[in-house]
Amino acid sequence: MLKNLLLTIFILLSIKIYSLNIKKEYEEQYMINLHTWLPDSFEELKKKNEKELYNLARKKYHYHTDRTNLYNEAELKEIEKFIDEEKLNKYFVEILNKEREKKGLNNNVKTNFSLVKVAKIRSIEIAENSEVSHERPNGKAFWTVFEEENKKFLNVSSFENALVVSMDSEAQMISEKFLAEYFFQLWKESPKHREAMMDSKIESIGLNFAFGFPSNKNLLVHSTYAILLGIRKN
């Protein structure tokens with residue numbers, strides 16, 4: 001019985017250790033009041049059904065002047081784990097194909113999970129440099145990442161969409177549906193990025209992201225660096 005009790009205590013302590021708390025100790029009273037809608041941890045927030053989480057992401061936002069409440073780099077890496085990459089790509093492809101159908105284009109673009117993996121590498125690269133660029137940190141073009149990850153992509157026609165956006169709340173950070181819509185809308189509003197997504201020859205895409213901080217250190221926000229990679233038919 002003592003053994004079972006000790007095991008239970010260990011499990012409870014482990015849950016506590018690996019629980020990622022949502023930061024609420026702001027100096028401004030309005031921020032404290034605003035955060036009454038949030039649970040105490042990301043685990044609890046993620047347990048909300050997708051529709052509720054999406055609605056929170058759309059309606060709840062904040063700006064603040066308290067730098068101590070920014071999540072650090074290690075915490076941001078943990079928060080990233082709450083996003084289901086497969087679900088994120090599912091939502092994005094649905095939106096993309098619906099828009100392509102309106103334009104009379106092929107609306108059967110698929111998710112390529114090799115591209116999703118490569119897009120993660122590229123998003124980390126731009127997040128770590130706090131700079132959106134189609135040039136890699138080593139000075140080479142974006143498509144050279146294919147050489148390292150999947151040789152079959154070497155001779156294909158590809159494109160890369162990149163962006164950085166500000167995250168205004170914890171709900172926005174972990175809602176796959178919100179992120180998919182947010183990324184798509186911003187790329188749609190940019191002529192060159194829209195042109196890439198509406199290319200008649202697109203066959204498959206892979207979307208991924210990484211959290212980071214803006215290049216302007218005076219901005220008290222978390223940034224999401226997103227990469228969309230696409231493969232065209234030869």
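The values are calculated or read from the model by the stated rules, or taken from the named source; none is laboratory data. Note that the coordinates shown come from a computational prediction; the quantities given were computed from them, not determined experimentally. Here the Cβ positions follow ideal geometry from the backbone for every residue, glycine too, while neighbour counts run over all protein chains shown. Surface areas here come from the heavy atoms of the whole protein model, side chains and all, with no ligands, DNA or RNA. Shrake-Rupley method; radii C 1.70, N 1.55, O 1.52, S 1.80 Å.
For region 32-123, the extents of the C-alpha atoms along the principal axes are 49, 28, 26 Å, listed from largest to smallest.
Solvent-accessible area assigned to carbon and sulfur over region 126-206 amounts to 44 percent, based on a 1.4 Å probe.
At an R0 of 41 angstrom, the distance between the Cβ atoms of Ser166 and Thr144 translates into a FRET efficiency of 0.90.
Given the DSSP H assignment, sum -39500 (n - 2.57) over each helix run of at least 4 residues in the chain and divide by its residue total; what's the result at 222 nm in deg cm²/dmol, nearest 500? Display every interim value, and only then the final one.
Values: 11 runs with 111 residues, N = 234.
For the chain, the value works out to -14000 deg cm²/dmol.
Run the numbers for Glu94 and Lys48: contour at 0.36 nm per residue of separation, minus the present Cα-Cα distance, in nm.
Details: separation 46, 0.36 × 46 = 16.56 nm, distance 2.23 nm.
In short, 14.3 nm is gained.
Using the Cα gyration tensor of region 41-195, with a ≥ b ≥ c the square roots of its eigenvalues, what is the shape: rounded (a/c below 1.5), prolate (a/b larger than b/c) or oblate (neither)?
Details: a/c = 1.81, a/b = 1.28, b/c = 1.41.
Oblate, since a/c reaches 1.5 and b/c is not below a/b.
What the Cα convex hull of region 101-188 gives, in volume per residue, is 129 Å³.
Computed over protein heavy atoms with a 1.4 Å probe, the accessible surface of the chain works out to 56 Å² per residue.
Quote the charge dipole size of region 94-234 about the Cα centre in Debye, to the nearest 20; the model charges only the Cβ of Lys and Arg (+1) and of Asp and Glu (-1). Each step should come with its number before you reach the end.
Values: 20 positive and 19 negative charges, 110 e Å.
Here region 94-234 has a charge dipole of around 520 debye.
In straight-distance terms, cross-link reach from Lys90 covers every one of the aspartates and glutamates whose alpha-carbon lies under 20 Å from its own, apart from those fewer than eight places away in the same chain; here that gives Glu50, Glu52, Glu80, Glu99, Glu101, Glu160, Glu176, Glu181, Asp199, Glu203.
What FRET efficiency do you get for His62 and Phe113 if R0 is 41 Å and r is their Cβ-Cβ distance, rounded to the nearest 0.05?
On the way: r = 34 Å, r/R0 = 0.84.
According to the calculation, E is roughly 0.75.
Across the options Gln172, Thr144, Phe82, the greatest Cα extent toward the positive end of the charge dipole of the chain (unit charges at beta carbon of Lys, Arg, Asp, Glu) belongs to Thr144.
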